[in-house]
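Worksheet: one structure, shown below.
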Amino acid sequence: MLRTLGSPRTGTIDTRSRAPFGWAPLVVLFIVGFVDRIEYNLLIGVLPAVQREWGFSDTAAGSIATAAALAAAVVTLPAGYLADRFSRTRIIAVVVLVWAVATLGSGLATGCLTFYLMRVLLAAAENIDNPASGSLLADYYPRVSRAKAYGLTRLTMHLGGVGTLLGGVLAEVFSWRTAFLLMVVPGVLTAVLVWLLREPRRGELDHLVAAGDAFPLSAAFLAKPPFWRQFRQVLAIPTLTFVCAGLSLLTFGLSGIFYWLPTFMVRAFGVGTGTAGSLSGLVTIAGTLTGTLVGSWLGRKWHDTRKGGRLLAGGGITAGSLVPAASRGLGFAVLQLLITAGGAFGSLVVGIASDQLGSLLAGMYILVLPMVAGGLLALKARGSFERDAREVMEAAGRCSARTVAHQLGLS
């Protein structure tokens with residue numbers, strides 16, 4: 001049974017179903033994202049303890065996240081290229097295994113430089129899987145349930161507070177190294193789970209919706225232009241560009257604040273590492289879950305009743321509805337690249353401001369303005385969202401129509 005994870009429930013793809021391949025792929029990819037965020041956010045919870053052991057400045061501490069994010073940004077476009085051309089399930093499985101190795105290296109590090117390099121390796125590996133995961137979801141779930149699938153997996157980005165909580169508690173009860181060593185086990189198990197997923201055919205769902213199952217999937221539907229032309233085509237989608245820029249600014253602010261929140265609590269209120277990690281994690285989880293659930297409810301309520309209703313409710317979209325099947329990996333890579341680049345410098349800005357001004361709080365206040373600007377910029381994209389999403393399906397329909405004409409000998 002495990003070898004059929006992600007296989008069609010009835011042996012054929014039923015486009016009337018909200019989950020023609022079942023919900024197992026969504027569960028597996030949710031677990032991937034959840035483990036990813038826990039491993040990444042362990043550092044936030046253990047940072048006060050790590051700083052005490054090695055005695056580096058706030059600027060140096062903030063630069064860990066910056067260097068990690070820049071490394072992640074470097075691999076993002078190549079990751080999109082790979083996701084559009086190779087087995088996405090295999091890419092994710094290998095990457096998750098690398099996470100486990102980097103997490104193990106973090107826990108066993110004997111010096112600051114080794115620890116620093118392990119965090120950079122982890123962040124780079126984590127960004128390789130995102131385009132593949134996003135592309136897979138678009139091929140597992142039709143448009144009627146695709147937004148839900150993306151919403152649930154995107155939720156894992158906001159559950160990093162679990163990692164902050166675990167890191168803080170384990171650092172206080174045992175040691176900061178224990179937090180990293182324990183996370184190796186779920187990383188390895190998750191890699192095995194992903195390896196068992198069946199790889200769906202690219203664009204098959206969109207083709208079946210547009211042309212039905214009477215005609216085979218045309219190679220032209222999945223034809224890929226040269227990489228840089230493909231890249232320019234993705235950037236030419238107005239909605240995607242606006243949202244990428246807006247989310248980049250939002251991530252710049254949020255990542256910087258969340259990164260330093262436990263350390264601020266330890267210094268300002270004199271609480272222990274465990275308490276600070278727990279409070280910060282719970283605040284992060286409660287706030288983002290509430291916002292996500294409210295945004296999801298409003299998105300359903302406003303969909304087709306207000307212009308760009310889903311964007312107005314949530315301020316964000318997914319490349320799965322705006323980018324053709326052949327380029328979805330790259331579409332998600334562009335989105336991830338700009339979000340990662342935006343989040344690269346938030347922690348560093350706060351760290352530098354703290355060293356210069358003598359106040360972590362002052363550094364965190366600096367990030368409020370870009371967050372507001374980012375939200376407004378993302379909302380501006382709602383004017384073009386419906387048009388861009390419609391063009392993707394119309395293009396699929398035109399390609400399918402050409403396939404039908406060819407099969408009937410009309411062209």
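In table form, for the structure just shown:
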| item | result |
| --- | --- |
| Linear extension gain, ARG229 paired with LEU369, 0.36 nm per residue minus alpha-carbon span | 46.9 nm |
| Stretch gain in nm, segment TRP23-LEU376, where the contour uses 0.36 nm per residue and the Cα spacing is subtracted | 123.7 nm |
| Pair VAL283, VAL101: separation of 7 Å Cα→Cβ label points (nm) | 3.7 |
| Ascending count of other beta-carbon atoms within 10 Å, so fewest first, for THR241, THR156, THR340 | THR241, THR156, THR340 |
| Vicinal HN-Hα couplings computed from phi for the range 234-249 (Karplus, 6.51 cos²θ - 1.76 cosθ + 1.60; Hz; Gly/Pro x) | 5, 5, 7, 7, x, 4, 4, 5, 4, 5, 4, 5, x, 5, 4, 5 |
| Exposure proxy ranking, count of Cβ atoms within 10 Å, fewest first, for TRP176, TRP99 | TRP176, TRP99 |
| For the range 59-191, radius of gyration divided by Kirkwood radius, i.e. Rg to Rh on alpha-carbons | 1.00 |
| Where labels lie 7 Å past Cα in the beta-carbon direction, separation of THR241 and THR290 in nm | 3.7 |
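No lab work stands behind these numbers, since they all come straight from the coordinates. Note that the structure is predicted; figures quoted are calculated from it, not measured. Methodologically, a virtual Cβ is constructed for each residue, glycine included, from the backbone with ideal geometry; neighbour enumeration extends over all protein chains shown.
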